[in-house]
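Only one structure is covered here, and it is reproduced in the block below.
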Amino acid sequence: MTPLALAIALTILEGDKFKQIMPSDYLANQVGIPGFNAVDLAIRLNNKIIQWVKNMLLYYDAVKHRATVLKFFINTAKVSQSSRKCFLPPVRC
C-alpha cells in the first residue's frame, strides 16, 4: 500500500461519516444533548483510526521498523494534506 492509496481510503471512509452529519446532530453535540448521533459516529471512527495508527506504530519492537512505519504515516498525512484540494469539492466564498 502506498501513502496515496491510504490517504484516499481514509478520505472516503471518513467522508462517508461526515456526510451523514446533519446540522441538528452538530448542534445537539455542541450543546450536550444526550443521545447518539452522526457526530458521535464520526468521532468513534476517528478514534478507531487513531488507535489503529498507534497499534501499527507499536507493532514492531525494533526502532528501525517503527521509524519506517512512522515515516509511512507522515508521508500519508503529507499526501492527504496536499491532495485535499483534489478530494474535496471546491468551496465558494
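The values are calculated or read from the model by the stated rules, or taken from the named source; none is laboratory data. Since we're looking at a predicted model, the values are computed, not measured. Every residue, glycine as well, gets a Cβ built from its backbone with ideal geometry; the counts of neighbours run over all protein chains shown. The protein model used for the area step is the full one, side chains on, heavy atoms only, and it has no ligands, DNA or RNA in it. Shrake-Rupley method; radii C 1.70, N 1.55, O 1.52, S 1.80 Å.
The residue list Ala62, Ala67, Ala28, Ala42 contains one member that is at pLDDT below 95, of a type in the set (Gly, Ala, Ser), over 12 Å from the mean Cα position of the chain (by Cα) and more than 15 Å from Ile8 (Cα to Cα), which is Ala28. Residues in segment 46-63 that are part of a helix (DSSP H, G or I) and of a type in the set (D, E, K, R): Lys48, Lys54.
Within segment 64-71, can one find any residue that is assigned to a helix (DSSP H, G or I), of a type outside the set (Lys, Arg) and in contact with a Lys or Arg (Cβ under 6 Å, 6 or more places away or on another chain)? No, segment 64-71 contains no residue that is assigned to a helix (DSSP H, G or I), of a type outside the set (Lys, Arg) and in contact with a Lys or Arg (Cβ under 6 Å, 6 or more places away or on another chain).
Here is the figure for segment 34-54: residues that are of a type outside the set (Asp, Glu), open to solvent by less than 100 Å² (accessible area, probe 1.4 Å) and on the phi < 0 side of the Ramachandran plot total 13.
Scanning segment 1-55 for residues that are touching a Lys or Arg at 6+ places or on another chain (Cβ under 8 Å) and among the hydrophobic types (A, V, I, L, M, F, W, C) turns up Ala38, Leu41, Ala42, Leu45.
Cβ separations smaller than 7 Å between residues 6+ apart or across chains give the following pairs from segment 1-29 residues that are open to solvent by 80 Å² or more (accessible area, probe 1.4 Å) to residues that are modelled with pLDDT of 90 or more and small (Gly, Ala, Ser): Phe18/Ala42; Gln20/Ala38; Met22/Ala38.
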